[in-house]
């Protein structure tokens, strides 16, 4: 047992939302209620920005019904931010807020930037002799955090993407035309995990099922090879299904398509991203018909098509963070997901140092990509398949999913307003 | 009771697929098995094109498991086409195929173009003294057929769109930035029914819920009004949620954005459709951040988020077609959906003349659109809400929906190949 540390806990969310980030929040709150060392359970609004502004809410005031509803509510319910703490006075301010509210436990749910922030706060507190336990909880649809087998949020996004591929593919096949290129653009700026996950749309023992071509940032993109790939597929079947991650790069690592960056005139002629780029190539050089769909934010918000496994693990990660801090007295760590060795998939939590995860990016291993550069082998499927297992059973009202909203009872401010410089 | 007509029946699908067009097919097959007047149950592959080519399959050979699975399998499982019968010799060929295979019942599942085709075939058979009963079954996500209260396929697409709006909106709200324009492009080239249906994402008694601005082809688009609309919303809340139908038109009825039509050079700089057009406008003139999602084909294929009501009605429409033809001896009609008068939603089937539906287009009534031109009033909600009621419970395999495939046992050809001129 660790030395007892009694005080309040603070939870915040950071970076892009996922369908399960609130499940981790529910895990933290539920577990925190089990420990007498934790007196008040506060939430910081809009990540570190809300902490700087002393914008805190009392999560223990929320109804049990609401906390339960967090388990199927997408979005970052506490609000999120992309603000990066850099200045010394900002770090000082965070510590001042923690001291004013007797925060002794800080749980930060986010990706690598967020874990970097948590790491800095943790080290600063230690330096100043302020007893504080900081535990990060992983979150990212991009699945690119090192030190964890996979990331909460990933299983749900690829379940939705693979489902969508299978559904669109049936439609494409119905059309029966011999020259249709169907392009689906998915997220993934730096790593191709989401695009790769679309391979799960293939039925077992049906390697020629769609998607036929998958373009990942891990493989340098060549327009000519793409055109050859499309022609090869269209010579054999009546449509070619392409999945492309938004971060398509050339041999030199430059992005080939940047959504919305170029605008020539009054709204005309602007690049629509990687999918539109591939459509342009196919239409212009192959005289085929090409159609795009771009799931955009919907893919990281589609709770209605979430993975129960992903959701359960996200909740478990939240609980594990509290146990690590309160029971084991850990700090400056992030919760990791560890896959069991057995044939049957199993997953438990572990811990890693925050600084180990802070600045790394995990790419799809090259050994999991086939030599053709546009498909994934069995090693990827073995890795990803268990993560999409199980369907969420979410409540509906008036025909659409029913999500919860927080009452957000504010914690009284004790400090002067922060001056942003 | 109608005069008894014994022979084979032929079913085909036409136009764009929906999530429930196969449910209508299942309804036809299931009901056909109840009537001794129907001997063989054939399917025509790829609509009228397969009939011209004498490309027929024996649907009675398919397993019961498969027919049951059609009820949740999106896409047009028999294949579809956009081919329009025009030439006299093509019509003659259709009749020759019908005669060769003793087709006495023809069920055509499709939109207004398809009903027009069915109408012509029906009239030609009568003219030539060939006893044939032709019944159309409505199908279109666009919901623009006249003479029917609503169209099979519509409820499911707006359930998915409204779900997606609610999910994306939560994500947008999380971000907490004051200048985000979130744009969702949906289908609907001529009528705004799908875009209008997104209003169902609003909670009851929460008129300010997203979507904040809905642009329909029924209201002429003005770029300046759009910019004013966006600014008005952003002055009150931290993001502006826009839904736009693909068929955005100006005062003169010209399309403002045509997906994929313009390509300037090697794949660069092409219009990505209405959503990208609105993004360009907002970014360039308001200095705000704008993000788009374009559901594309996924919206008419998303069986995993289909409406049980829509599905049940589609099945019922298929059954009704067979009953009308066999029991009532009707021909040259389309099945319609008729809404009951009571406070509680109810729906039964009726019949209308094929020629009444063949060339009409039903727009969203102007009286259902608020004076602001960008939102729908309670009359629309009252109309649309019952159509999205009930969630489909579809089977999954390996984490993705399990759809069925037909064995497609071919019917032996009896004629010489058709010569397309």
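Rule-based calculations on the coordinates, nothing more; no lab input. Source: prediction; values computed, not measured. Cβ coordinates were reconstructed from backbone atoms using ideal geometry, including for glycine residues, and neighbour counts include every protein chain displayed.
Neighbour counts of C-beta atoms inside 10 Å place B:101, A:206 in the sequence A:206, B:101, starting with the fewest.
In a GNM of chain A with a 10 Å cut-off on Cα contacts, which of A:124, A:337, A:78 has the highest mean-square fluctuation? Evaluated over chain A, the most mobile residue of the options is A:124. Per-residue mean of foreign Cβ neighbours for A:65-77 is 2 (Cβ atoms of other chains, 10 Å radius).
Only bridges whose two residues both fall in chain B count here: according to DSSP, what percent of them are antiparallel, nearest 5? So the antiparallel bridges in chain B amount to around 30 percent.
Take every pair of alpha-carbon atoms less than 8 Å apart whose residues are at least six positions apart; their mean separation over the length of the range B:1-80 yields a relative contact order of 45 percent. What is the percent of Cα-Cα separations in the range A:287-421 that go past 27 Å? More than 27 Å apart: 50 percent of the Cα pairs in the range A:287-421. Sorted into 10 angstrom bins from 0, the C-alpha pair distances of the protein assembly as shown split as 3, 13, 22, 24, 19, 11, 5, 2, 1, 0 percent. Springs join every pair of Cα atoms under 10 Å in this Gaussian network model of chain A, and among A:399, A:373, A:43 the largest mean-square fluctuation is at A:399.
Against the main long axis of the alpha-carbon atoms of chain B, helix B:223-234 sits at an angle near 70°.
Scaling the Cα radius of gyration of the range B:339-391 by the globular reference 2.2 N^0.38 Å produces a ratio of 1.43. Shielding by partners for peptide A:42-50, expressed as the average number of C-beta atoms from other protein chains within 10 Å of each residue's C-beta, is 1. Each eigenvalue of the Cα gyration tensor of the range B:116-243, multiplied by 5 and square-rooted, gives one semi-axis; in descending order these are 42, 15, 10 Å. Among B:287, A:314, A:75, sorting on how many other beta-carbon atoms sit within 10 Å of each Cβ, with the fewest leading, yields B:287, A:75, A:314. The calculated pair-distance distribution of the range A:303-352 uses every alpha carbon pair, bins of 10 angstrom beginning at 0, and gives 24, 45, 26, 5 percent. If you bin all the Cα-Cα distances of the range B:1-124 at 10 Å, starting from zero, the percentages per bin are 13, 47, 34, 6, 0. Mind telling me which of B:72, B:46, B:405 comes out most flexible in a GNM of chain B, alpha-carbon contacts under 10 Å? Among B:72, B:46, B:405, the largest mean-square fluctuation in the Gaussian network model of chain B belongs to B:405. Counting every pair of alpha carbons in chain A, the share spaced more than 27 Å apart comes to 53 percent.
Considering only beta bridges that DSSP places wholly inside the range B:1-134, some 20 percent are antiparallel. As a test, work out the antiparallel percent of DSSP beta bridges whose residues both lie in the protein assembly as shown, rounded to the nearest 5. Taking every DSSP beta bridge with both residues in the protein assembly as shown, the antiparallel ones total about 35 percent. Once the Cα atoms are used to define both axes, helix A:21-32 deviates from the longest principal axis of chain A by about 30 degrees. Taking other C-beta atoms within 10 angstrom as a stand-in for reagent exposure, A:202, B:236 fall in the order B:236, A:202, fewest first. Between helix A:274-286 and chain A there is an angle of about 10 degrees, using the helix long axis and the longest principal axis of the Cα atoms. Set the Förster distance to 45 Å, then compute FRET efficiency between residue A:220 and residue B:372 from the Cβ-Cβ distance, nearest 0.05. Calculated value: 0.35. The mean number of partner chain beta-carbon atoms within 10 angstrom of a residue's beta-carbon across peptide A:390-399 is 5. In the range A:86-116, whose amide N lies under 13 Å from the spot 7 Å out along Cα-to-Cβ of residue A:419? List them in ranges. So the set is A:89-90.
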